[in-house]
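Written below as structure tokens is the structure these notes are about.
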Amino acid sequence: QQLGQELLTLRAGLLNPLELPDRLLEALKERKRITDFEGGRRQMQYIGKLMRQLDDDDVAAIRAALQVQRDGSAAEISMLHQAEHWRDRLIDPASHDAALSEWLAQYPDTDIQQLRALVRQARKDADAAAKQPAGSATRQGRAYRELFQLVKAQMLVTDTAQDAVADESDDDQD
């Protein structure tokens, strides 16, 4: 029943390849639809009953899919935190030159002209935001958000390329 509860949170992209019995899939859909507490509890008991009828391979596949969902999210969040950190370092006037040199060493395919223009505009936007009256909601400018998107995209492209190279070298060694 606990595994069934977790299975409700599994996104469709990971649920569909599991090839679960139709009765279980229908029961999961029905549980998502039910809003009544007692009805939901009874439906979860039914899902637990159906889950007990699954063989060990199916249960292992469900656990693996749930683990992929948890780990994938953690990796994505970590990558987003890294992108935010890079953006903040690139905008910071004190560490800008060192950060820009490090960035270009790690990600040489970056469009340097676009990067510098976005950094310059984000600094101007930050200065203008600092002059806003106290108590007003501070919102980062367009360049600040675009810089984040550029950094994130470049990190994804480079990481994907590095993964592909690593896969090719693994295939060559076999």
Under 26 Å Cα to Cα from residue 49, which lysines show up? Leave out anything in the same chain fewer than 8 places away. 29, 32
How large is the helix-only mean residue ellipticity at 222 nm for the chain, computed as the sum of -39500 (n - 2.57) over DSSP H runs with n ≥ 4, divided by its residue count, in deg cm²/dmol to the nearest 500? -26500 deg cm²/dmol
The chain: longest segment with zero exposed trypsin sites (Lys or Arg not before Pro), where exposed means DSSP loop plus at most 14 other C-beta atoms within 10 Å, is residues 12-130
Part-to-part distance (alpha-carbon centres) for the range 28-52 and the range 76-147, which is given in Å: 48
What size of dipole, in debye to the nearest 20, comes out for the range 14-141 about its Cα centre when the only charges are +1 on Lys and Arg C-beta atoms and -1 on Asp and Glu C-beta atoms? 640
Test of understanding: in a Gaussian network model of the chain with alpha carbons linked when under 10 Å, which of 36, 88, 159 would top the mean-square fluctuation ranking? 36
Only one of the listed values, (1) 18.8; (2) 20.5; (3) 16.3, was derived from the coordinates as Kirkwood radius over Cα pairs in Å; which label is it? (2)
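Bear in mind that the values in this text are calculations on the coordinates, not laboratory data. Quick caveat: nothing in here was measured; it's all calculated off a predicted structure. Reconstructed Cβ throughout: ideal geometry from the backbone, glycine too, with neighbour counts over all protein chains shown.
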